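Every number in this text was worked out from the coordinates using simple rules, so none of it is lab data. Bear in mind the structure is a predicted one, so any value in this text is a computation, not a measurement. Neighbour counts are summed over all protein chains in view; Cβ atoms, including those assigned to glycine, are modelled from backbone coordinates with ideal geometry.
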Amino acid sequence: MRIGVIGGGRVGTALASTLQAKGHDVVVSTRETVAETAVAGDVLLLALPASAVGDALAQVGPLPGKIVVDATNNFS
């Protein structure tokens with residue numbers, strides 16, 4: 001499965017490594033490649049601080065047919 005991880009911090013990197021070890025094709029975004037990562041993945045994994053989700057999704061636009069997994073960090 002092709003998985004796009006939006007967020008290359010500790011959580012995103014750890015999840016990406018685990019998914020790759022399980023045989024998945026994983027692409028991890030940088031701040032500049034969020035839209036490209038969203039297009040590339042059949043499944044998207046959000047691994048961002050909660051405060052960054054709005055900006056990231058604004059770069060992506062509509063996600064018809066995509067599965068989105070929310071692994072955001074909501075630190076208050």
Flag for Gly65 being surrounded by fewer than 13 Cβ atoms within 10 Å (Cβ to Cβ), on the phi > 0 side of the Ramachandran plot and out of contact with any Cys (no Cβ under 8 Å at 6 or more places or on another chain): yes
Can you tell me which residue in the range 29-47 is nearest to Pro62 (Cα to Cα), limited to those that are assigned to a helix (DSSP H, G or I) and touching a strand residue (DSSP E or B) at 6+ places or on another chain (Cβ under 7 Å)? Ala38
Looking at the range 1-16, which of its residues are within 14 Å of Val34 (Cβ to Cβ) and assigned to a loop (DSSP other than H, G, I, E, B)? Gly7, Gly8, Gly9
Report yes if some residue within the range 34-46 is more than 15 Å from Thr72 (Cα to Cα), among the polar types (S, T, N, Q) and free of Cβ contacts under 8 Å to residues at least 24 places away in the same chain; otherwise report no. no
